[in-house]
Each structure stands twice: as C-alpha cells, then as structure tokens.
There are 2 protein chains.
Amino acid sequence: MKNQYLDRFEIRLSGLGGQGILTLGKVMGSGLALGHSYFVTQTQSYGPEARGGASRSDLVVSSNVISYPKAESLDLLIALSQEACNMYYRNLKSGGLLLIETDLVKQPPVNQFIGLPFTKLAKEKIGLVQAMNTIVLGAATYLLPFAQQRVMRKNLEEVLPAKIRDINVKAFNLGYREAKKNFGDPEELWRANAVIVEEDNDDYDSI
Amino acid sequence: MKNQYLDRFEIRLSGLGGQGILTLGKVMGSGLALGHSYFVTQTQSYGPEARGGASRSDLVVSSNVISYPKAESLDLLIALSQEACNMYYRNLKSGGLLLIETDLVKQPPVNQFIGLPFTKLAKEKIGLVQAMNTIVLGAATYLLPFAQQRVMRKNLEEVLPAKIRDINVKAFNLGYREAKKNFGDPEELWRANAVIVEEDNDDYDSI
C-alpha cells in the first residue's frame, strides 16, 4: 500500500488555537512531499473568525501537480475540538475517515469515527501537553496508507529545533503505537474509500 | 487608503529555499488577518520540485470569506530569485506590481518593476542575512495600500521568539524606510490596479 499512486487525497486538520494545528499541517505536509515524492499544498486560513479560537489547516496530496488547492471533499478529517467537528464533518466524503480527540469531542455528530485522548496522552505519557500535535502526527502516519513511518519521523527530526527533537520523536512513536493498538488494520478502515483501493504504481514518477 | 474594502488581492512570495519565504508568508498572512479584519488564506506548495531549491507562498486577502484559495492573477509578485521571477511574472495581472531582489534578479523579464538589494541590506545594515525576509515584509507593508505599518509590526513582534525580536523589528523598519525612500507614493504605483482604486469603505464589517 505504501508509495502508491494518488490521484488526490484531502486532509483537514482542525481544532483550537494553541493546539499546534498549523505546525502539524506544516510538518505533515513537508513530510509527505519531501519524503514521498508527492505534491502537497498546505493552506491555512486566517481571518476575523480565527479570533474565536478556531484553527484549521488543509492538505491536498497528489502524485501530480495540484492545480486546485481547496479541500472540499475530505478523505480524512482530524477534529481536535467539538466545534471543529461540528463545523466540518459534513465536508467528509463518503468513505472518508473521521479522527477525533475523544476527550474534547464529547458528542461526535456521526456514528463512524475513530479517536484517541490525544491531550491526555500528551500530558500523562509525554509530560508535555504541547506534544499533542505530534502524537496526532504519529497516529495519522499510521492511518495514511501512503505515509511511511520512517520517512515521516525523519522529516519531523529535520524540521524541529534540536532541543525539542527527542521529546517529539517520543510523542510521534507513541501516537503511531496507540493508533496501531486501537484502530486495527488501516486498510480495513479505508476499504470504503475509493482513493485508496488503487493498486501500487511504481511508475508514477514518469507520468 | 487604509482599512479599505477588498474584493480580492493576490500576493505571491517566491524565491529560493533558505530565504525564509514560508515564514514570510505566515507572518504576512497573520498580520493582514489578525490585525486588519481581513480574511487571508496562505498556501504553500511542497513537492518533488521543492528539492530543486524553489520556494513559494501564496496569499489571498479579502474582506469576505475566501472560497477559492488559489492565486492565479497576481496583484503583487515578490520574486527573490531569477528563476522564480522567470517562472511567475506571467501570472501578474495587468497593473500588478513586481517587486524583486535586485542583486538576485539580474535580468527582469519585464520593464516595469521595483526592487531593492534585500540580501545586501540584511548583511550590511542588519548584520544578519536571515533578516532578509523581514526587510521584504517591511517593504511590502509600505507598498500594500491596506496594510498598516503599526499593526504589521505589532504582529511581527508577537509571533517571533523573544531572542530574535529586536533585530527583526529593526529589519522591518529598514525595509519600510527603504521602500518609502526608493519607491515613492504607493498610490501612484497602484493606480493602474483596479482592486486598489476602490474607495474607503468603513462598512465592510457589516457586509
């Protein structure tokens, strides 16, 4: 499933200001692009509404140059607040996956979702609430069929300042491990998602 | 001219990796949004081509929610490398403004442009080549009819780590000052640009 041809895959990271959503988007985007030969656009929106504390970053990933960076039919929605979840779950495409922060999204608006208590994990297992976004990165890396754990972690190490590198690698590994333990086989999760059922295609570089 | 109604204004920041283009986009975007009540999307593209050293960030600024974040008819193109200038000047709209790094864009592909030796200014006047992007921010703030110097500088101070704050404020002020000295009245520069000839409209909040 890894390094497959991707027509277009849309991810939205959403939550509250202060949760490190924009940094998460940047690190995820650079990891998927630089490590995997995909084209990625990462869009963040600022505006009067951002003052209310909402934060959001959209990623579009493709094997081809991306001419339309707007995400409007999400393959993966990561919602780290109830408000973000309520606002964006309607943008999930059929077969898309909803990943929530289970302590912050108390009332998921749909029945099908997966989740972890990311904030609690950051506090209790890492001892640093700010590492929450990196735990999410680890979990997302497990879930994304085209993301390679080794490559994503290496990119994370490269973009972070030295003094916070070790603790973030620990957080990344924790997120990956917890996702593996709790979510089962990602291929099963994505089976309904048409984007992902395509075959491996090692020739995408030459398209 | 300040705080006017903006239908849509597109800015592209482009140059080489290592010039701080993505940080510039982020700081400019948050300054225009949080300080001025505009909606802003900031899109950065990663991909196989990024390995070649190109870097780019697009901003779309509007008084309204932005439903189409792709920049394709630029009001302002900032080109900090010859390659970026060659690649993107065709995306300038009629009446759009081209701002270049005069030591790095030796052969501007068009006759109408403005420029400063940003890198040399950073080295010689600030003593830190990495402050180049903040000098560009200062110059752009002078040029943009809807950007307020005080607000942009305040936002810059807020988003930067304490230890590099003072030197960046100095760089910002230098860029603003050099632009004022060399470019003349920005209203004259933008006169051909239809977006900017609209009247002040203090009612945009209620639209």
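The values are calculated or read from the model by the stated rules, or taken from the named source; none is laboratory data. Being a predicted model, the structure only gives us computed values, none of them experimental. Glycine gets a Cβ as well: all are built from the backbone with ideal geometry, and neighbour counts include every protein chain shown. Ligands, DNA and RNA are excluded from the accessible area calculation, which covers all protein heavy atoms including side chains. Shrake-Rupley method; radii C 1.70, N 1.55, O 1.52, S 1.80 Å.
Before moving on, here are some points about what is shown:
- Cα gyration tensor shape of chain A, rounded if a/c is under 1.5, else prolate or oblate by comparing a/b with b/c: rounded
- Of A:L189, A:L76, A:L99, the one that fluctuates the most in a GNM where chain A has Cα springs shorter than 10 Å: A:L189
- Other protein chain Cβ atoms within 10 Å, averaged over every residue that makes up A:30-38: 3
- Restricting the stretch A:47-106 to trypsin sites (Lys or Arg not before Pro) in coil, as DSSP defines it, with at most 15 other Cβ within 10 Å: A:K106
- Summarising the strand pairing of the protein assembly as shown, around 60 percent of its internal DSSP beta bridges are antiparallel.
- Loop-located GluC sites (Glu not before Pro) in the stretch A:1-100 (DSSP state not H, G, I, E or B) with no more than 15 neighbouring Cβ atoms inside 10 Å: A:E72.
- 17 Å Cα cut-off, lysine pairs counted over chain B (separation 8 or more, or different chains): 16
- A 1.4 Å probe run over the protein chains yields, for the protein assembly as shown, 44 Å² of accessible area per residue, whole-number rounding.
- Carbon and sulfur %, accessible surface of the stretch A:9-188 computed with the full protein complex present, 1.4 Å: 48
- Inter-chain Cβ neighbour count for A:72-81, averaged per residue, equals 0 (cutoff 10 Å, partner chain atoms only).
- Point-charge dipole on Cβ atoms (K/R +1, D/E -1) for chain A, about Cα centre, debye to 20: 880
- Percentage relative contact order, the stretch B:9-188, counting C-alpha pairs under 8 Å, at least six apart: 21
- Taking label positions 7 Å along the Cα-Cβ direction at both B:K154 and B:S37, the computed distance is 1.4 nm, reported to one decimal.
- Heavy-atom accessible surface that B and A bury in contact, both chains counted, 1.4 Å, Å² to 100: 2100
- Among A:P161, A:P145, A:P117: highest mean-square fluctuation, GNM of chain A, C-alpha pairs under 10 Å: A:P161
- Helical contribution to [θ] at 222 nm, DSSP H n ≥ 4, -39,500 (n - 2.57), averaged over the protein assembly as shown, rounded to 500: -10500 deg cm²/dmol
- Distance from the stretch B:54-92 to the stretch A:154-179 (C-alpha centre basis), Å: 33
- ³J(HN,Hα), Karplus 6.51/-1.76/1.60, whole Hz, each residue of the stretch A:95-112, x for Gly, Pro: x, x, 10, 10, 10, 10, 8, 5, 8, 9, 9, 6, 10, x, x, 9, 7, 8
- Choice from B:Y142, B:Y89, B:Y68 with maximal GNM fluctuation in chain B (Cα, 10 Å cutoff): B:Y68
- For the B-to-A rotation axis, chain B residue with nearest beta carbon and its distance in angstrom: B:T43, 2
- Ordered from largest to smallest accessible area (heavy atoms of protein chains, 1.4 Å probe), the residues A:F113, B:F118, A:F39 come out as A:F113, A:F39, B:F118.
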